[in-house]
Amino acid sequence: MVLLFGFGILNTSFYVGDILLFYSIIGLILIPVRNLRSGIIFSIALFLLLQPAQWVKLVLEWNNYSLRPIHEISGPYWESLYTTMRDPSFITMVKGNLYGKIGHLLWFWSDGRVSQTAGLFLIGFLLGRMKRFYTNPENRRFWVKTLIISTLVFFPLYYLNFEMHTIVKHTMHLWSNICLTFVLMGSFILLYQSVFRKVLSFFIPLGKMSLTSYVMQSIFGSSLYYGYGLGLYQFTGASICVCMGLLLGLIQWLFCKWWLTRYKQGPLEKIWHTLTWI
């Protein structure tokens, strides 16, 4: 988590860096709950996924308490960030990126993503504790049920909220996103276990070095496109960007495959593993 936090601060791709920073902070919730009983952890997760902060905002509005819109608070941070993205100085980019983190984190909080992500982290922790990602008939039945129930709940939450208060509508949208998450997760797990295991085995080197790959693509991409690098954002369209992305992905795959023939873990994974067990 220390390493993830550091990469989140210094990452020159502002969106990737903000996601790294955001997840590193929210992931801290796993430390105090790791030894609690599963029922207690599930109760905490359910409370977080119910979006308590959104309901507090709704009560405040009903009592005529004026809340300042989040875009008025985070706007100046975003404007500063987009200005520095085009600057040819790497130091200026890093400074602007640090400033932009504040705006992004404010948005995460106001949008309900903090509570949602923390709750999903706990659910994922419980699923791992219950060994639901192992391939066996019982788990297959579990994921089939999860897929069916999530699909049935998703559509009412997504479509039947047109005439509701904005905060209620947004909260239901967050809940529909949770259902969609389990639809995608259940679909992927079932397809992987039955059809795509051999096909997706191609990506195993990238998966084993996911942190290294994640940071590498950010460094490569920002160096190619941002002002302090080659500044290709001025010249490349969508088609060329896709081709460059595929080429970079192939280069990363070759590097990861070569590295894993010599070492058990990627360089950043090794550092993260060491810091974790300290």
### Task
Examine the stretch 78-98 for a residue that is part of a helix (DSSP H, G or I), exposed (fewer than 15 other Cβ atoms within 10 Å of the Cβ), of a type in the set (S, T, N, Q) and at pLDDT below 85, and state whether such a residue exists.
yes
### Message
For the structure I just gave you, tell me whether PHE188 is open to solvent by 80 Å² or more (accessible area, probe 1.4 Å), in contact (Cβ under 8 Å) with a residue 12 or more places away in the chain and not charged (D, E, K, R).
### Response
no
### Summary
In the stretch 140-180, anything in contact with a helix residue (DSSP H, G or I) (Cβ under 8 Å, 6 or more places away or on another chain), within 15 Å of GLN193 (Cα to Cα) and open to solvent by less than 60 Å² (accessible area, probe 1.4 Å) is listed as TRP143, VAL144, LEU147
### Summary
Cβ pairs under 8 Å, 6+ apart or interchain, first in the stretch 243-271 and part of a helix (DSSP H, G or I), second among the basic types (Lys, Arg) and surrounded by 14 or more Cβ atoms within 10 Å (Cβ to Cβ), ordered by first then second residue, are CYS256/LYS208; LEU260/LYS208; GLU269/LYS208
### Task
Considering (1) open to solvent by 70 Å² or more (accessible area, probe 1.4 Å); (2) more than 30 Å from THR151 (Cβ to Cβ), say which one PHE202 fails and leave the rest.
(2)
### Summary
Condition set in contact (Cβ under 8 Å) with a residue 60 or more places away in the chain and within 24 Å of VAL94 (Cβ to Cβ), scope the stretch 207-216, selection most open to solvent (accessible area, probe 1.4 Å): answer is TYR214
### Summary
For the stretch 28-52, the count of residues that are surrounded by fewer than 14 Cβ atoms within 10 Å (Cβ to Cβ), modelled with pLDDT under 90 and either among the hydroxyl-bearing types (Ser, Thr, Tyr) or not in a loop (DSSP other than H, G, I, E, B) (or both) equals 4
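The values are calculated or read from the model by the stated rules, or taken from the named source; none is laboratory data. What you see is a predicted model, and the numbers here were worked out from it, not measured in a lab. Backbone-built Cβ (ideal geometry, glycine too); neighbour counts: all protein chains shown. Surface areas here come from the heavy atoms of the whole protein model, side chains and all, with no ligands, DNA or RNA. Shrake-Rupley method; radii C 1.70, N 1.55, O 1.52, S 1.80 Å.
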